[in-house]
1. As an exercise, use a Förster radius of 22 Å and the Cβ-Cβ distance of B:Gln400 and B:Asn67 to find the FRET efficiency, rounded to the nearest 0.05.
2. How far is the Cα center of the range A:447-468 from the Cα center of the range A:313-372, in Å?
3. Within a 10 angstrom radius of each residue's Cβ in B:237-245, how many Cβ atoms of other chains show up on average? Whole number is fine.
4. In nm, give the distance between the simple-model label positions of A:Arg822 and A:Thr488, each being 7 Å from the Cα along the Cα-to-Cβ direction.
5. Working out 0.36 nm times the residue gap between A:Phe690 and A:Arg378, then minus their Cα-Cα distance, what length gain in nm do you get to one decimal?
6. Rounded to whole Hz and in sequence order, give me ³J(HN,Hα) for the range A:227-241 from the Karplus expression 6.51 cos²θ - 1.76 cosθ + 1.60, θ = phi - 60°, writing x for Gly and Pro.
7. Determine, for each peptide in B:25-36, A:428-439, the mean count of other beta carbons within 10 angstrom over its residues, then list the peptides with the highest first.
8. Taking H as built 1.01 Å from N, whose amide H comes closer than 5 Å to the amide H of A:Ser436, not counting residues under 5 places away?
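Where a number appears in this text, it was derived from the coordinates with a stated rule and is not lab data. For clarity, every value in this text was computed on a predicted model and none was experimentally measured. We place every Cβ from the backbone using ideal geometry, glycine too, and count neighbours over all the protein chains shown.
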Amino acid sequence: MNRDMLKLRKDPTIPPSAAATVNTSTTNAFPVSPRLGNTGGDSRGNRSGRQRTSPKGSGAGNNAPSNSASSNASVASTQHPTTNGGPAVGYNTLGSPGYLTGSNGLGIGASGGGGSSAGSPLVTGNGGHSQQDGTGPSGNQSPLQPSTSPISSPNTFRFDTNGALWALSASPDYASVAVVGRDVLKILNVTEWGAEEAINLKAVGVRNNFAGSTDVKWGPTTGRDAKIATIGTNGPIVIWDIGTHNKIGRTIKEHTRSVNRICFSPQEPNLLLSASSDSTIRLWDLRVRDKPGVIMDAKDIVREVQFNPTSTHDIVAGYESGNIQRWDLRNPLVGEKKFMAHMGFVTSLDYHPSGRFLASGGRDRTIKVWDMEDEKRREIHTIPTIQYTSKVQWRPNRPYQLAASFKDESTVQVFDVRRPYVPLHVLYQHDKDATSILWKDSDVIWTVSKDKTFASALVKGQTVSADLLPGGKAAMNCYGQLAFTVSTKAGPDSFERDLVPKPGRPNAKAVALDGSSEPMVYRTRQTGGVFDCELFNHEAFIYCAQNYSMEAGNIREVCEHNSNVAWQANKYRDSQAWTALKLFFSEMAEPAIVVSQVDAVAPEVTTSAGTKEEEQQDDDDDIDTLEAGATKPVVRSLFAIKVLDAPIKRNWSHDDTIRNMLEFYADQGEVQMCVTILLVLAEEEDLPQFDLSQHWFSSYIDLLSRFKLWSIATAVSQACKDDRIHTMNQDSTTIHTSCSSCMKPILTRAPSSSGFWACDRCRKVLSSCSVCHKTVRGIFTWCTQCSHGFHLQHAQEWFSQSAECPTGCGHQCFPEMLKIQREQEQMSLRLETPDNETLHDPSHPHAHQHFPPRSVHSHPQQELASNQGHSTLRATDSDAKASSPLSYLPYNVV
Amino acid sequence: MSYSDYGDNDPIYGDDLADEDRESRPRLMLMGLRRSGKSSIQRVVFHKMTPTETLFLESTSKINKDNIHSFIDFQVWDFPGQMDFFDPTFDTTAIFGEVGALVFVIDSQDDYMEALARLHSTVVAAYRVNPNITFEVFIHKVDGLSEDYKIDTQRDIQQTTTDELADAGLENVQLAFYLTSIYDHSIFEAFSKVIQKLIPQLPTLENLLNILCANSGIEKAFLFDVISKIYIATDSSPVDSQSYEICSDMIDVIIDISSIYGRAAIGAKSQGYLEDQQDQPEDWTHQQDGHDDYEDSNGGGHGHSQAVVSNSSRAGSLDNQPVQSGGNHEAFSVIKMGNGTVLYLREVNKYLALICLLRAETFEKQGLIDYNVHCFKEAMDQVFELKRAERTRREMEANQLLEQQQHNGLYGHG
């Protein structure tokens, strides 16, 4: 669903020119547009935007579907019966723009007018607003209060380069940036207010047949020695001397296969690392020509390589196989620590500024954070992402935050690793896939995209997307319980205050990313509860489901039985309905009343009058309560009542009455009645057909399944004549191993599954012995009624002493034991005190003290569960009782 | 359709390998414990057996050699699981001497400790004989494992194996690990990577594809072996599974369509149409020409084919356009998908097809792409020409040498 949402958001792409003409007045209205960048850019006072009246309609029209879709998303996610609506729910709605609607006046200008006048080299969104210079969006302004006054913000613009861009790299002073793409090779001068093209190297490149580049890095040297390195799409690494004249300084063609990434050493300006598909990492000293660099044989396609920012010799490489390996340049023959990081290739690596931690993005759609000094090869944080990351980079001066761009995804997301499921900020700057990112400083991020633009965005002051998530969620279960969460937000930016120390065992080695010794995690400020609202009488439903007879053919008896059942369940109306049915469809072997509409002929009435009275006494209550009007002799003028000795055919159709009855129950949502009636009357020839009967059946079966009344559901399905329903239980039968404590099936395919040994939901060890609490391997013995299991030996030991379940659930698993115990006790008493007359006194305390009183605690839920246990196991109950309540199953050890 | 001549089940003990086999074909060995899924892998990948059918495979009792004639000729040897390397009749030199790649299959759903011990002994034995073998470890049957469990399993196996090898003093042996399952595309992807290591022209092909992609605005290009759906080369951008899967599915679609509309005679031959390179007049592309039967406009047996595919299984609406190709003898198909992606398939030679993924807006310049692909094909032909020339040259040299020896021998006797 998430992907669909994203597609939805992408589709109503407002062309930049349209966005530029958005009227300012509309932007101040609060919830406006999911493409908040547009409104943001506009509110910053695009000149043209202020003056023109806008074709806003197009934008708003486009927004409508995505808004509604996103609200659907939130509804859907509430259906998960989760009480902590925090992380999981939040992530579901992560991509839905509705939560971000109109949130942000300080956002990034998706347009800024940039694209509208492609061709002019300098295009900024704020060219004429010098009066606002320097102030910018003040940090203390609440992000939820969108620009009440149009503030022009620096560092928020887009620049069109006329070609899809793949990578960027900034000069050491961040005054210039090199952007490359398939047919772009440009250096831009960037200021706070915009960018302009400084050097276009494409011409030189084309002349030398190095037109496109997949990656670019700006060397640390400045001035006349300034260099940039690019990877040509056709293989070689090209070093450009841009300090003096814009020419190619050197080409490196030693790699036999394509080069995937290059990296300058932050400490030694002339050292360049290259990672290649030819399974080598090579170190080039740009001062030395003709000398092959240090070669590290990685024996695997190298996708990514990076220097440790705090070291001159420590590098890290990411491989196609998903491994990450650390290398020491001083010993290039043998790689150091290597660990399995991702399933599938590693796409991006970034060293934390501290030099200790490493963030990696992989094909398995996660960003993982590793402690490179820890011996354990376990990630310390995992961030699930919507697609695999194309580039990940830590935010300067914010030790916990990182930004990432994704494949096929136009947004750039900023995450805080302590709250991995919801991105901190989502930046909508581009119309197409953002390909690479670069933090200019801790507040400004530069991005390039396939939509041919280079963009700068101010992250400071962006809406915290988690603040827009609704904190309240509610979900209902079939027992009429409503679970809900209420969020107690501490206001915007409450994130830092809601951090708590990471739960679990204290780990002396654990170190937080900011250097403090206590790792923190985010805890949502949510409280939840469960509320019993009596909307559905599930007890009556279950009782009726279990006791209704669905047998067709013998309508009279079945209806009478069902009528009684409904009466027992306090469903008086249903009870009457059954009685009515009984009357309608009885073909009585005993003298029957037949009510028929005849021409009022006096002689007929008189002939039947004699027997009528005695018949009335028999069936009095039925007739009186139900068809009083029709059967009373009062209507003698219209009806004749015949009482015959032999069964007769009815000559009066009940179609309409039955139809009304079923439709009434269908309207009430009482599929139980609808289905049972249909099944009971199944043999009737002239039963009206109902279009919805299939739906009734399927929803009744669904309901039964929810109440775990499996055998009844199967019986219903089997009794149904409709082919689709009848074959329902033949489609595919899945047999789940269920957790014995929460009854959830054990799914090994679940994303967070822990295999067969523990339940994902309640985190309890499965098939543990109730006596020794260890996992049972081998023969598992369990009580079919309370479903507690044991080692066979332990069960034997325990039940030789007691009849009751060792868990204290109160169930008498082994009732025979009571008898035996009593006998034994009597025996022993007789042996001990043969002449003690209290032996036969049943009221003597000693006689009972060995029998623990039956547990009288009654947690309603538990009782219910045990009831169901009985019902679902009904088929086996008789067998079990016949021999022993204990069953043996050779449990296959996985 | 399959590589059908897998019948020569010579036990290796009788060393009756043809000289030609020994010399030119890289060997790919499937090893592992019994019931780990070796034969299933071989059947699914190279013989188009459906995964469910593999349930009924009998266990392999002797080494099953399978000659694959494709872009490169190679042999797949399926070993019985219970084979004992320390049996004196087992000639390790004969077996490991020529091997290109050794694929060791581990059943991840089973307790894999025994498998790891066997892997260790296999690697040690093989490495001693032939240090140039590439070792590939398939952690197989992962379809039954959860995501977390998968990565844990791989991590565990990888760590144990490399540690053990390091203890044995074999740090330099490089093992590649793959998580595979025959129920999805992962086994094909893993095999693709294995086969790629056996292809000496890989860097050239990759470079050609890179250039093609860069100049035609293609997002991703695969060079597929059509029969096995293994990709033998791709451009250097990372392969994500969706791209691979959709391209692989496209081949299925094209082959299905062509077998529906193909000529009856060819349909009958489809079982063994890759039987032999010499007496193999029809290849899969000829089947494509069967479109002529229902597209009158083309006429003649050598018209180009157009795959007009309407496939609703993916992306909602697959919008297809018949496209006119250059009129030469080759299969060609374009599938436009609802999400703005275009799949472009073109036959390269008898065994290979180029499949490109590109955006619809790039595809507007289709003439340019057609031309670039044409250039790519020519370059490919040159690469193969070189290889063929090399082989003929070697054969001639060998013949000369033989003649010379015979000559010398005659002299000696005379």
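1. Details: r = 28 Å, r/R0 = 1.26.
That pair, B:Gln400 with B:Asn67, gives E of 0.20.
2. 27 Å
3. Numbers: counts 5, 13, 4, 9, 2, 2, 0, 0, 0.
Shielding by partners across B:237-245 averages 4.
4. That separation, rounded to one decimal, is 5.5 nm.
5. Numbers: separation 312, 0.36 × 312 = 112.32 nm, distance 6.03 nm.
Contour length minus the Cα-Cα distance gives 106.3 nm.
6. My calculation for the range A:227-241 gives 9, 10, 10, 10, 9, x, 5, 9, x, x, 8, 10, 9, 9, 8 Hz in order.
7. Working: B:25-36: 20.7, A:428-439: 23.7.
Order by mean packing, descending: A:428-439, B:25-36.
8. A:Val448
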